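Okay, so here's the structure we're looking at.
The values are calculated or read from the model by the stated rules, or taken from the named source; none is laboratory data. Note that the structure is predicted; figures quoted are calculated from it, not measured. As a convention, Cβ positions derive from the backbone with ideal geometry for all residues, glycine included, and neighbour counts pool all protein chains shown. In case anyone asks, the SASA skips ligands and DNA or RNA and just uses the protein heavy atoms, side chains included. Shrake-Rupley method; radii C 1.70, N 1.55, O 1.52, S 1.80 Å.
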Amino acid sequence: MFPGVRNTLQRVMSAPVGILDGLVARVLSSYPFRFTLAADEPERLTAFRIRADVATAAGWPGSPYPDGLECDEFDAAAVQVIGWDEAEPICTGRLVLPPAALPTERACGLVVEPAGQVVDVGRMAVVPSRRDVEHAVFVALLCRLYLEMRTRGYEVACGMMSRRTRRLMSLLGLQLEELGTDLEYWGELRAPVRFGLMANSASISRRWD
């Protein structure tokens, strides 16, 4: 794990109230990355290009994309988050909001409870050129997605996560509820997971105390 992430987490673990909010604020202020929401079509295309570049570099089915864009039917209504290092876009992730059917629900034929109150977090991607600091960028992106969820009043999330991502979440102290077995999804074997944001405060505190 990027050393600065652990140091930041250790500094905020003494705050028993709003521990995740404090963690997010510190992490986002500790790194030079900035995050924006795609406000128009050119910015949305930036997110889709990052995803296409990651999929192509990994050799996932469907890549390379003829138009250099990776998108699906959920993107039209999704919140697209883009991370930047100065003027360079380096990562992206999306939130699919209820009450519409969520990508995880559609892929696995299930309903994630509480129905209609869960946000789907997915399509998290870091450009191949930043793999040397991939964990730092990924953690910062995760924090920004968390902030967007909290701003909209949601506290429960779901998503399709690879084993590698699940291991990273465990290192961060996040407890995931696996809702099914691994299946092929967006180029990798991923399992459907559910996690409550505020419910993880105690486990994060124990992990980093």
For this session: Give segment 31-71 a look and list any residue that's part of a loop (DSSP other than H, G, I, E, B), of a type in the set (Phe, Trp, Tyr) and touching a strand residue (DSSP E or B) at 6+ places or on another chain (Cβ under 6 Å), or say none.
Result: Phe33
Seminar exercise, completed: Only one of Ala136, Ala157, Ala140, Ala191 is at pLDDT below 95, surrounded by 15 or more Cβ atoms within 10 Å (Cβ to Cβ) and under 23 Å from Ala78 (Cα atoms), namely Ala140
Exercise. For Val118, are the conditions met, namely being closer than 21 Å to Thr181 by Cβ, hydrophobic (A, V, I, L, M, F, W, C) and in contact with a Pro (Cβ under 8 Å, 6 or more places away or on another chain)?
Worked result: yes
Seminar exercise, completed: In segment 53-71, anything open to solvent by 40 Å² or more (accessible area, probe 1.4 Å) and within 25 Å of Met149 (Cα to Cα) is listed as Cys71
Exercise. Of the residues Arg164, Arg150, which is in contact with an Asp or Glu (Cβ under 8 Å, 6 or more places away or on another chain), in a helix (DSSP H, G or I) and open to solvent by 10 Å² or more (accessible area, probe 1.4 Å)?
Worked result: Arg150
For this session: Any residue in segment 25-37 that's under 26 Å from Phe48 (Cα atoms) and touching a residue at least 24 places away in the same chain (Cβ under 8 Å): show its pairings with residues that are part of a helix (DSSP H, G or I) and among the aliphatic types (A, V, I, L, M) at Cβ separation under 7 Å, as long as the two are six or more apart or on different chains.
Result: Val27/Val5; Val27/Val139; Val27/Ala140; Leu28/Ala140; Tyr31/Ala136; Tyr31/Ala140; Phe33/Val137; Phe33/Ala140
